[in-house]
Every structure is written in structure tokens, then in C-alpha cells.
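Heads up, the thing below is written out as C-alpha cells.
The values are calculated or read from the model by the stated rules, or taken from the named source; none is laboratory data. None of these values were measured; they are calculated from a predicted model. Quick reminder, even Gly has a Cβ in these numbers, built from the backbone with ideal geometry, and neighbours come from all protein chains shown. These area figures cover heavy atoms from the full protein model, side chains too; ligands, DNA and RNA do not enter into them. Shrake-Rupley method; radii C 1.70, N 1.55, O 1.52, S 1.80 Å.
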There are 2 protein chains.
Amino acid sequence: MQQFDPSDPLITPTPSAYGYPLLVRQLLVNALVVSAEQEITYRGERRHTYAGLNQRIGRLANALASLGVRRGSTVAIMDWDSHRYLEGYFAIPMMGATMFTVNVRTSPQQITYALNDANAQVLIVHTDFLPLVEQIRGELRGVREVIVATDGDGHDVPSVPFAGEYEQLLAAATEHFPFEDFDENTRAALFYTTGTTGDPKGVFYSHRQIVLHALATAATLCSPREGQRLHREDVYMPVTPMFHVLAWGMPYIAVLLGLKIVLPGRYQPDTLLKLKANEKVTFSHCVPTLLQMMLDASAHDGQDLSGWKMIIGGSALSPTLCQAALARGIDVFSGYGMSETGPVVALSQCAPGAAPASIDDDVRRRCMAGRPVPMVELRVVDADMKDVAPDGRSQGEIVLRAPFLTQGYHGKPHASEALWANGYLHTQDVAVVTRDGYVQIVDRMKDVIKTGGEWVSSIEVEGLINAIPGVRESAVVGVRDDKWGERPQAFIVCEPDALLSGGEVRAHLLALVEANRISRYAVPEPARIAFVEEIPKTSVGKIDKKVLRQRFD
Amino acid sequence: MQQFDPSDPLITPTPSAYGYPLLVRQLLVNALVVSAEQEITYRGERRHTYAGLNQRIGRLANALASLGVRRGSTVAIMDWDSHRYLEGYFAIPMMGATMFTVNVRTSPQQITYALNDANAQVLIVHTDFLPLVEQIRGELRGVREVIVATDGDGHDVPSVPFAGEYEQLLAAATEHFPFEDFDENTRAALFYTTGTTGDPKGVFYSHRQIVLHALATAATLCSPREGQRLHREDVYMPVTPMFHVLAWGMPYIAVLLGLKIVLPGRYQPDTLLKLKANEKVTFSHCVPTLLQMMLDASAHDGQDLSGWKMIIGGSALSPTLCQAALARGIDVFSGYGMSETGPVVALSQCAPGAAPASIDDDVRRRCMAGRPVPMVELRVVDADMKDVAPDGRSQGEIVLRAPFLTQGYHGKPHASEALWANGYLHTQDVAVVTRDGYVQIVDRMKDVIKTGGEWVSSIEVEGLINAIPGVRESAVVGVRDDKWGERPQAFIVCEPDALLSGGEVRAHLLALVEANRISRYAVPEPARIAFVEEIPKTSVGKIDKKVLRQRFD
């Protein structure tokens, strides 16, 4: 971080002036005035107001303080999306402690590593994860206290020693807690990236970063005239977990704007669809896999999904899925970001004044990464950090500056410096950018297939294969080839009743070569087209190309 | 400003990480990517794009640098709302210099005082103000260079020595300027309050404050589902001058969102109405007087004013004016703030889910100060800093915390400490607050009339007098009275053809006493009801109660 000239004409505040550090607490202040009676529901089964949320935040802070949590402590949460999680989002950072959102889908080894690396002292754990905690308890070096969260009647008796049950601890605590101000660069939240290489890496966000992400993202989401927009009468339900990049920061935005919040617990398509209908949910964020599951689960009764605005991230929204969602009335669009970026740095909202020329045009735009959020400097650069031409064709890496990018990985100085080479955060995402600022991800740096001196985008080939009738899903990776350096290898999952051969797939792709849609180098040989039952995915639903590549190493 | 515990668990950025200070420059970055072709027009007579704005900002910075402007310099602007002003809003702070927006409606003495107090070194002055500058030039201690801004063909030859004509200086400069980063607490803008007591007081804003005001206000303005909202397809025209509290910070928000911007030059009702029609203006902020003038000027031809969203501030929006504007299709609502507050801290947007019960209810809400903007802690407190009950009746002073409040007056430590007594900014505005967080200004602290042990709101009495048929406008002040301490004194301007006596006014008010609408103490004696030709106003159109009171001192 650069040092500034000390002779800058800085403003000297009068001694009594309030300096207003940007703190998570401040996201709540306004909502308690203008939305005190607004509702928060957990699975439609329990409800309270924002005023109630505030009381529960105070009780949670007192309960945690009685267990020794202080400024600088780390409190880990292992829970599904719940009212408890939302309370932790505020109470823990508001105490000056760090909230560690544990990715419960990673392996016991990864969870153990992360809990130790983060030095988590207190663990709030849903009964569903008690078996896991029992399994790793002996290896957890820092955890002193476990709080058990039960959804039921309290009869679940954990076998690990625990400090108390969440609701009972809150009931026993007082609701007033003397939250104090502190430096806005204090750590507020921590989680571990589930990269496809190496140990999980800890990503930190400060209070300042969370607040600025909430403000900039709220302004962007609310700003379109119509379509793909958020407003104060929306009902918000996360469908990307609260343990995953702070649920894209959206719970903070929902509270900032005083929205009704629906917390769905464990994601089950039927439950999510029921909550959508009963609680009149209108705004969510989601990953493609879960969107597909919800479309499938509701296909038989044709449930009305109209009026549901949904940002898709995590992996690319395919045109096929986009069309299917639009056909069911979901106003679906893409968001772009990573664990390290806040996360939201771009959104594929419709550009002002530019009605799409056709459905295809509209779908194409919704499936792009989108245009950068205000305050985000998003560049697409070549290896010399020069901007590529915004012509929709020239490829480069997306690099970023924004007021809410992680400032490094916890205890990993080399990885941190690599992330921030040349003073820009390197996303490793390869993209093109159009003249009007839309960014389209072409590939991951490491997923580009270098064959015969040409670069082939694996994502592009996947998209074309996915469009072949009978194909449900596909993945393409580069595999070593003595003659060409690398060659594309495709894995294809067919629709249940589809009969498709490698030769047919190849014929489809060669027709696209004739139409100048892709390079001849991009078409896999028949022997390099494999039909499989399923595509391996990471814990957050991304295609796990590491696993696929290993089949050829 | 409080000091924080140095043991806070602060995030240590990796050395190469970009720390992202919040700078005015950052408001422009995104717009140049997504809105480069968006239009900015000056009076419909000259047009360029945002890309052109960016080039002109670079040229202006180079021109100013060649005149000796450096980090820490102060550049003063005396102009009507123009493309030049917008360029100054960016170029001057982006250089690390301070932009001083001179209130051209104040007296030559006040302008001289302010220019000297601010130590302005360079003065950009529209030819309309050259006579004034010629008059005071000899008294200006710091001004080294004058840049003349002409709207015409350049034939206006000023009689003061000057460095060059604005357009010619820009044409001679190169468009690339090496804008650097610096501390976000650097002074960006300065202006002088036109209070009704004492010398003008200099109010400063830092880069951080301007950016946070833009983000929080943008999020608020954009967030309603419909009505009283801003969106990316709006066309923005200021109708509160750019010299007045940075035109409420709206030019920064307009650029942040990439809106078409219409700069109307000197405010003349006919010109404003023509621009509204020709440029399809949809979003403005305005003061009541000018709104009234525009309604009057367009009454004869019934010009379509629908689709014009307009925030009213500066002084209270009266129900009568509100109804008149609504009848002409203007979506009018109130904003609340002061020179010292950023300025926007509250907006009278419609509450979510709460359709007004009646037209009267809707009008009443639109005329309130409104509900606080997110991140703003707005309290209504008694003399002991205790919150008054949010019952719509209990009165107290509005005190504030927000990330964009001025941190003190330039060189006025006592006034600064008084402003920030007890760590809250004291607005001196007396208000009530409703259960759902709407704030209604009742009076200024010094305008409350203390009579017979009771507090009477002069604004309340004015509102009731204004509703009497035949009354065009009124003002009420407290005057000394040996028996009662103070008594209300009314000044009334009648409609041209109205015949009204003091006795009739009093009879109207006494009927309201019977209806329990006001206290008997609030009704002026017949001798204290004066009919006048006009009400004295300050330079920003507020009733000048200081002048009125002086008639009785």
C-alpha cells in the first residue's frame, strides 16, 4: 500500500467531531429506525423483526463475551443459512472479533486445517455438523468452546463437551451490549478459498471493505430503470450459502435497505421453492447447479417463478439454463467476482437505453460477467499489463482495483504478492471486453488449452457442446499431447434418453468450424470425447478440472 | 475524533496491494468505461461526451498547473451551472487542490471576506461577475491569477488583468495529466455558509466524504420500488446552484451512475423549462421559490412537466406548492440537510409497502424532511441529549452522525466545537419524528418563540397563515414582550387581488385554536399582524428572519 505525501492538505477535525469509522454496526443503525418492524424468517418456521434482530445481536454478543470472546478473537460458524448466521454476521464483527464462516462442504481435513490456521476459539455448530466436529475435535488446537445450534426441541444431545445451546445461551444473556467504535481496518470476516490447488487460503475482509462493498453494490443493483434490479420492497433469500464469500455480501445489503429476509436453512430445492411461494421471495443469488435443480423440481407443477430476480455466479450461466429460467419467469442475470474480490465487481444488468435486439442478444448479455460496479477499476490486460482492445475479441486477464478487495491471504506472503502483482489484483480469469464495457469471461488462465500454437478456450468449447441437442452438461480440459503440446478432452453427460456418439458431437463442432464460430484446433478427436455419468464438482459446484485432468496424468 | 486501541486486530496489507483511498477521481473511473458516449450539454448549446469530459478535465488540470496550482492550492469558481463547473468539480480536487465554490449571490463584502479567508490563488470567473471582481480585485490578498469564462464569441474583454480565457487555455493544454493518489482525508471542496448571523463560515469536505456521500445518497435515491427515485436512464439537471453545497453532491452521483447531464447556466424559469422539454430532463433538485417560478411561467401554456422527479430543499416544501407541482405531474419530494451535512441526510421518499391513505396523506409525507439515508445516525434529542419519543409530537433538536459531515469550520475553533458538542453535529433544527422514522422539521432552534412558558413554532404558524385564502406568503418571528417574554409577530404578503385584515387573519387562527390545531399563545394580536409587499430573503431564498427581527430591535 502506497504511502502518501505527509504534506497533503489534510482536514484537521475539531476535537469533538465524530470521525465515523466505517463499521459493520453502521449498516444496521438506519434499518432499526426505518425498518424496525420488518420481518426476518427462518424457513418460515420462526419469525422476528429487525428490532428483534437487534436484541438478539446484543444477546449473542453478551453470550460470546461470557465465553471469553474479545476484540481480536475468532468465532467460527458451521451452520446452514439461518437467523443465527445473520446474527453472527453482525454481533461478531461488532464486538471487534472476526467471524470465520466455515465452508461445511469441504473435507474434514480442510476444515481442521482452516480452524487451526485461523486460530478459531469459539465454534458455533449446527447439530448436523456435530458428527464432523466430534471426529476432528481432538485435532483442533485453538477451539475452547463449542456452542450447539439446534433447530428442533433441544433433545439433540451432542457428545462433544459444549458451552450451551444457542437459543438457551441467548435467552440467558441480556440484550444490551456496549458495542464500541474501533479502527475501520479491523478484521471483520474470514473464510478459506476452496481453490483447486494447494492448501485452502484464508481471505480476510475489514469492516471498511464490507461497508464499501455493501454501498457500491447496493447503488449498482438498485440503479437500473427496470429489470435485474433490487429495490426496497424486495424479499431477499440467499441461495448461495452464507459460508460462501459472505453470501456475496447480500445479507449486509438486505439489512442496509431494510428488506424482508428469508433464511432457508439447508438448501433443498423443494424447500426453497416452497419458501419462494409462501414468503413471496423476489430476490436471490444462486449458482447454476441449484437453479437447474429448482427448475427441474418445479417443472412438473409449473410453479409460477415470475417476479424472482436472481443473480447467478460461482460458475458461468449457460445460455441454455438462462433461457430455461427466463421461460419460467425468472429475471436471471450474471454477477462476477471471486472469494478475493468482495466479491461482486461486475453485474450483467441491461445497459441503459439499450433494449436487446433479440432474445438471443438478451440471453447473450445476461450470460456475460457484465459491466463493472462503480468504484471498481476493472481492466483486461495482456502479459505486459497493457489494456487489450475493447473489441469483444482481444483476450487478456482481468485485473482489479476496488475498495473492497482482500489485501492478501492469511499467513501466505508469497501467494499474497502473486495475487497483487503490479498493484492490481489478478483474477486469473481470461476475458474479452466489448466497446460498451461488458466483460465476457473466456476462461481461467490455467484452463486455456494451448494447442498447436493457438489458445483454445475450454469454456467456449463447453458452451458449444452444451448446445448440442441431447447434451446435459460437459467439461473440457487440456491434456498433454506430444505433437500439439495440448489437445482438448471433452467429458459429456447426456440427457437421460439421448443417444449421442463421439462422431456426432464432432460433426456438430466441425459444422461450427465451417461457420467460423470456432477454430479447427478446438474440436476434440473422437477418442478425446468421453461420455460420463456425471461431471466432478468442487464443494461450491464448480467443475473440478483438477480431478478431470488427473485422469490423464 | 476518538483514538482507537492500537491493539486492534488490523489487517496488514501485502506490500503490493492497492489500498484504494476514496478519491473524487474514483467516481469517474467506472463511468468512462460504461458511459463513455453519454452526453453532457451546456444549455443545449454545446455538447460533449463523458470521454470528452475526461479529456477536458485533463486539459483543465494542465492549464491550472501551468498557473502554479499544486496540491494544497485553492481554486475559486464564480460561474453559473456550466460544463466548466463540472470540470472543476473533478479536475481541481483530482489535482489535490481545493475547489472553492463561490456563492455569487452574496454581497461583494462577503465574497471578498471568503476569498481572502480561503486564500484562493486562482479564480475562474464568468464574464457576468467581472464587474464584481473588478470592484473587489484590490482587496483580494491571495488571488494571483484570474481565468475568464465567456459564453459568447470571446469578444468580452475584461478590464482586470487575466491569465487567459477558459476555452483558450484548455485548447492550449494537453489532455493527459498525471493524477496521483493521495490521502482520502485531503480537502477537496470548500464553500462558505450564508448563515443569518456573524461572518460567513468556511465548510470543508474531504475526498472520502464526497465519495461516501455519493455512494450512500445514490443507494438511497435508487432504492424505492417506484416513485421519488433515481435510475440510470434519468436525465439530470441541477436547479440548485453548483456553488451551493456542491449542488447537493448530485453532479458526483450523476457521473457515478453515468447519467446524461444538462447544465442550465443562469437559472431563468423559461430557459429551465425549455431545457426540461428539449433535453428530456427527468431528475432535478430545486428550492421552493424557483419551483413556484417555473410553475407560474409554464401555467399559461400548460407545459407537460410529468416525469420530472424533483427533490426540494433549502427551505420547507409547503403543502400548497407540493399539490400544485403534483397537479402538473412533477414527482416532488423533500430532502433534508444543511451546508455542514454533506448535505443530504434524509429524503421524503414513500415508505415501502405503505401506499398513502389519501392525497393529503401523500402531500403531508412529501413535505416532511423524510427518513434518514443509510449510514446516517439521525437523532432527535432534548437538551440532555436524550432521544425524544418517536410519537410525531415530542420536539427535540436533530443531531447527526454520518460519514460525510463537515469536521469543523475553517479557522473557527469555537464555532466548530459548538457544532460538534457531545460528538454529534447539532443542526439547530427542531423536529418531531414519527414511529416509522419520518422526521418533520418544526422550526429552527432560534426561531422557536418562547411565550408565556410555552414553545410556539413559527413555521407551524406560518403554515396555518399560508393556508388562509388570499395569503401568498408569510413569515413569523418572535419579538420581545415585557409580559410574555416573547410574542409572535406575523408578516403577510397577500395575493394581488386579495383584501384581508389583521382581524380576519386572527379569526382564522382562533378557529384553529378551537379545533385544537394550535395553542392560543400562538395567535398574534391584531397589532402584531403586518401586511407587507414582500418577505426579505437570504441569498439562497430562505426567509431572512434576522432582517425581520431587526425591525423590532
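Of the residues A:290, A:321, only one is at negative phi, of a type in the set (A, V, I, L, M) and touching a Phe, Trp or Tyr at 6+ places or on another chain (Cβ under 7 Å); which?
None of the others qualify; the one that does is A:290.
At least 1 residues being among the hydroxyl-bearing types (Ser, Thr, Tyr) and either more than 14 Å from chain A (Cβ to nearest Cβ) or closer than 28 Å to residue B:91 by Cα (or both) is the threshold, and among the helices (runs of 4 or more DSSP H) wholly inside segment B:213-310 those reaching it are B:250-257, B:269-278, B:288-299. Out of everything in segment A:17-36 that is modelled with pLDDT of 95 or more and in a loop (DSSP other than H, G, I, E, B), what residue ends up being surrounded by the most Cβ atoms within 10 Å (Cβ to Cβ)? Filtering segment A:17-36 for residues that are modelled with pLDDT of 95 or more and in a loop (DSSP other than H, G, I, E, B), the one surrounded by the most Cβ atoms within 10 Å (Cβ to Cβ) comes out as A:24.
Give segment B:298-316 a look and list any residue that's in contact (Cβ under 8 Å) with a residue 40 or more places away in the chain and closer than 15 Å to residue B:228 by Cα, or say none.
Step one: filter segment B:298-316 for residues in contact (Cβ under 8 Å) with a residue 40 or more places away in the chain, giving B:309-311, B:313-316.
Result: B:309, B:310, B:311, B:313.
Taking the conditions (1) modelled with pLDDT of 95 or more; (2) open to solvent by 10 Å² or more (accessible area, probe 1.4 Å) in turn, residue B:520 satisfies each one other than (1). Contact map, segment A:455-474: residues that are over 17 Å from residue A:317 (Cβ atoms) and assigned by TED's automatic domain parsing to the domain that holds residue A:507 paired with residues that are assigned to a helix (DSSP H, G or I) and among the hydroxyl-bearing types (Ser, Thr, Tyr), Cβ distance under 8 Å, separation 6+ or inter-chain. Pairs shown: A:456/A:521. Checked against (1) open to solvent by 40 Å² or more (accessible area, probe 1.4 Å); (2) at pLDDT below 95, residue A:323 meets all criteria but (2). Kindly evaluate residue B:339 against the criterion of being touching a residue at least 60 places away in the same chain (Cβ under 8 Å) and polar (S, T, N, Q). Spelling it out, residue B:339 is indeed touching a residue at least 60 places away in the same chain (Cβ under 8 Å) and polar (S, T, N, Q). When residue A:335 is tested against the conditions (1) at pLDDT below 95; (2) under 16 Å from the mean Cα position of the chain (by Cα), the lone failure is (1).
Of everything in segment A:298-318, what is open to solvent by 30 Å² or more (accessible area, probe 1.4 Å), on the phi < 0 side of the Ramachandran plot and not acidic (Asp, Glu)? Give them in sequence order. Don't jump to the end; show me each part of the working.
So in segment A:298-318, the residues open to solvent by 30 Å² or more (accessible area, probe 1.4 Å) come out as A:299-304, A:306-307, A:314-316, A:318.
Filter again for on the phi < 0 side of the Ramachandran plot, leaving A:299-301, A:303-304, A:306, A:315-316, A:318.
A:299, A:300, A:303, A:306, A:315, A:316, A:318 - these are the residues of segment A:298-318 that are open to solvent by 30 Å² or more (accessible area, probe 1.4 Å), on the phi < 0 side of the Ramachandran plot and not acidic (Asp, Glu).
For segment B:37-57: of the residues being within 13 Å of chain A (Cβ to nearest Cβ) and among the acidic types (Asp, Glu), which is most open to solvent (accessible area, probe 1.4 Å)? Ranking the qualifying residues of segment B:37-57, first place goes to B:37. When both residues are 6+ apart or on different chains and their Cβ atoms are under 8 Å apart, which pairs have a first residue that lies in segment B:492-510 and is free of Cβ contacts under 8 Å to residues at least 40 places away in the same chain, and a second that is of a type in the set (Phe, Trp, Tyr) and open to solvent by 50 Å² or more (accessible area, probe 1.4 Å)? Filtered contacts from segment B:492-510: B:494/B:531; B:500/B:531; B:502/B:531.
Checked against (1) at pLDDT 95 or above; (2) surrounded by fewer than 22 Cβ atoms within 10 Å (Cβ to Cβ); (3) of a type in the set (A, V, I, L, M, F, W, C), residue A:494 passes all but a single condition, namely (1).
Would a scan of segment B:196-208 turn up a residue that is among the small types (Gly, Ala, Ser), in a loop (DSSP other than H, G, I, E, B) and open to solvent by less than 10 Å² (accessible area, probe 1.4 Å)?
Just the residues of segment B:196-208 that are among the small types (Gly, Ala, Ser), to begin with: B:198, B:202, B:206.
Now drop any that are not in a loop (DSSP other than H, G, I, E, B), which leaves B:198.
From the residues that got through so far, the ones that are open to solvent by less than 10 Å² (accessible area, probe 1.4 Å) too are none.
Looking for residues that are among the small types (Gly, Ala, Ser), in a loop (DSSP other than H, G, I, E, B) and open to solvent by less than 10 Å² (accessible area, probe 1.4 Å), one finds none in segment B:196-208, hence no.
Every listed requirement among (1) under 24 Å from residue A:106 (Cα atoms); (2) in contact with a strand residue (DSSP E or B) (Cβ under 7 Å, 6 or more places away or on another chain) is met by residue A:541 save one, (2).
Among the residues making up segment B:272-297, those that are touching a residue at least 60 places away in the same chain (Cβ under 8 Å) and either under 20 Å from residue B:228 (Cβ atoms) or open to solvent by 30 Å² or more (accessible area, probe 1.4 Å) (or both) are B:274, B:278, B:287, B:288, B:289, B:290.
The helices (runs of 4 or more DSSP H) falling completely within segment A:66-155 that include 1 or more residues that are out of contact with any Ser or Thr (no Cβ under 6 Å at 6 or more places or on another chain) and open to solvent by 20 Å² or more (accessible area, probe 1.4 Å) map to A:108-117, A:130-136.
Exactly one residue out of A:486, A:473 is open to solvent by less than 70 Å² (accessible area, probe 1.4 Å) and closer than 25 Å to residue A:287 by Cβ, and it is A:473. Counted as qualifying within segment B:348-453 are the strands (runs of 3 or more DSSP E) with 3 or more residues that are open to solvent by less than 30 Å² (accessible area, probe 1.4 Å) and at pLDDT 90 or above, namely B:377-381, B:396-401, B:425-433.
Residue count for segment A:219-242, restricted to those that are farther than 21 Å from residue A:366 by Cβ and either of a type in the set (D, E, K, R) or open to solvent by less than 10 Å² (accessible area, probe 1.4 Å) (or both): 3.
Of all the numbered requirements in (1) within 14 Å of another protein chain (Cβ to nearest Cβ); (2) without any contact (Cβ under 8 Å) to a residue 12 or more places away in the chain, residue B:98 misses one, and that requirement is (2). Of the residues making up segment B:392-433, those that are farther than 21 Å from residue A:26 by Cα, within 14 Å of chain A (Cβ to nearest Cβ), free of Cβ contacts under 8 Å to residues at least 60 places away in the same chain and among the hydroxyl-bearing types (Ser, Thr, Tyr) number 1.
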